[in-house]
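I have placed the structure first, in the form of structure tokens, so that the comments after it can refer back to it.
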Amino acid sequence: GTVHGQSQPVTQESKRRLPAGFQKKTLRLDENGAEYRYAIFIPPQYNLNPNHKWPVILFLHGSGECGEDGIRQTTVGLPVYVSMHAAQFPFIVVMPQAHSMWFRGQEAAAVGKAMEDTVRDYRVDTDRIYITGLSMGGFGAWEMAIAQPDAFAAIVPVCGAAPKDFLAHIAQVPVWAFHGAQDTHVPVAESREAIKELRRIAGPGVKYTEYPDMGHECWDRAYGEPDLWKWLLAQKRK
């Protein structure tokens, strides 16, 4: 990064650090391309059993966490929950950061590369790779799973919207979606309609939790659901 003169006050931005147990990573899609930063959480038990393959959660952030610092995307949603429960959170968590809006095009390609690198560098249970995201990342979770339905063992979209014409692609993939009924950013109808259509295609097992008293910012409640992680661990790629 740029070097500031001594007279510059230290900003909150430059003081920001990754939570304990999180590691900073970088990737490029090609030699001359932009650098993408992502964070990865490796459970503290990782080195105890050299034969254990770990399930992985891919977390996609919201629009407010776009940028290039590699840290901002760890300050909202799932990464906050993980940092508070790091001692006993039994997943590797990959947290890419989009430079700008939407996990599409180059941004989606960078996410794919982060996952490839993770599978290459760590002991990953490739039948238990899960995707979740909030707001913009909720859109991303639906879209990336629809684009690559064979890649994910389950999808957990939080206050996102799905491309409804393509839901048949994920008819075989377990879904648990969350939304606040009072959401003024992404209408709750987006989740309701997607779930209704998915249940029509895939059957009644599609899970959906709606919070009648919550607005857009329902992610802490969603990621704090006591049954979510037990349910997730039980899902395996078909």
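Considering only residues that are assigned to a loop (DSSP other than H, G, I, E, B) and out of contact with any strand residue (DSSP E or B) (no Cβ under 8 Å at 6 or more places or on another chain), look in the stretch 104-135 and name the one that is most open to solvent (accessible area, probe 1.4 Å).
Arg104
Are any of the residues in the stretch 125-134 more than 24 Å from Pro43 (Cα to Cα) and in contact (Cβ under 8 Å) with a residue 40 or more places away in the chain?
No, there is no match, as no residue in the stretch 125-134 is more than 24 Å from Pro43 (Cα to Cα) and in contact (Cβ under 8 Å) with a residue 40 or more places away in the chain.
Check off (1) under 17 Å from Phe41 (Cβ atoms); (2) in contact (Cβ under 8 Å) with a residue 60 or more places away in the chain; (3) within 15 Å of the chain's Cα centre (by Cα) for Phe152 and give me the number that stays unchecked.
Of (1) under 17 Å from Phe41 (Cβ atoms); (2) in contact (Cβ under 8 Å) with a residue 60 or more places away in the chain; (3) within 15 Å of the chain's Cα centre (by Cα), only one is false for Phe152: (1).
Please list, ordered by first then second residue, the pairs with beta carbon atoms under 8 Å, 6 or more apart or interchain, first in the stretch 98-120 and within 16 Å of Gly70 (Cβ to Cβ), second surrounded by fewer than 21 Cβ atoms within 10 Å (Cβ to Cβ) and hydroxyl-bearing (Ser, Thr, Tyr).
These pairs meet every condition: Glu107/Ser100.
For every residue, the table says whether it meets (1) in a loop (DSSP other than H, G, I, E, B); (2) farther than 18 Å from Ala168 by Cβ; (3) out of contact with any Pro (no Cβ under 7 Å at 6 or more places or on another chain).
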| residue | (1), (2), (3) |
| --- | --- |
| Lys196 | no, no, yes |
| Arg199 | no, no, yes |
| Gly205 | yes, no, yes |
| Thr209 | no, yes, yes |
| Glu217 | yes, yes, yes |
| Leu232 | no, yes, yes |
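Strands (runs of 3 or more DSSP E) wholly in the stretch 18-103 with at least 1 residues that are at pLDDT 95 or above and open to solvent by less than 10 Å² (accessible area, probe 1.4 Å) - which ones?
35-41, 54-60, 92-96
Kindly list the number of the only condition in (1) out of contact with any Lys or Arg (no Cβ under 6 Å at 6 or more places or on another chain); (2) open to solvent by 50 Å² or more (accessible area, probe 1.4 Å); (3) under 24 Å from Ala234 (Cα atoms) that fails for Asp213.
Unmet condition: (3).
Inside the stretch 136-160, can you point out the residues that are under 12 Å from Trp102 (Cα atoms) and open to solvent by 10 Å² or more (accessible area, probe 1.4 Å)?
Phe139, Glu143, Met144
Consider Gln182 against the criteria (1) at pLDDT 95 or above; (2) of a type outside the set (Ser, Thr, Tyr); (3) surrounded by fewer than 16 Cβ atoms within 10 Å (Cβ to Cβ); (4) more than 28 Å from Pro226 (Cβ to Cβ): it satisfies all of them except one. Which criterion is unmet?
That leaves (4) as the condition not met.
The values are calculated or read from the model by the stated rules, or taken from the named source; none is laboratory data. Predicted, not measured: the structure shown is a model, and the values here were computed from it. Cβ atoms come from the backbone with ideal geometry, glycine included; neighbour counts cover every protein chain shown. Accessible surface is based on the protein model in full, side chains and every heavy atom, while ligands, DNA and RNA are left aside. Shrake-Rupley method; radii C 1.70, N 1.55, O 1.52, S 1.80 Å.
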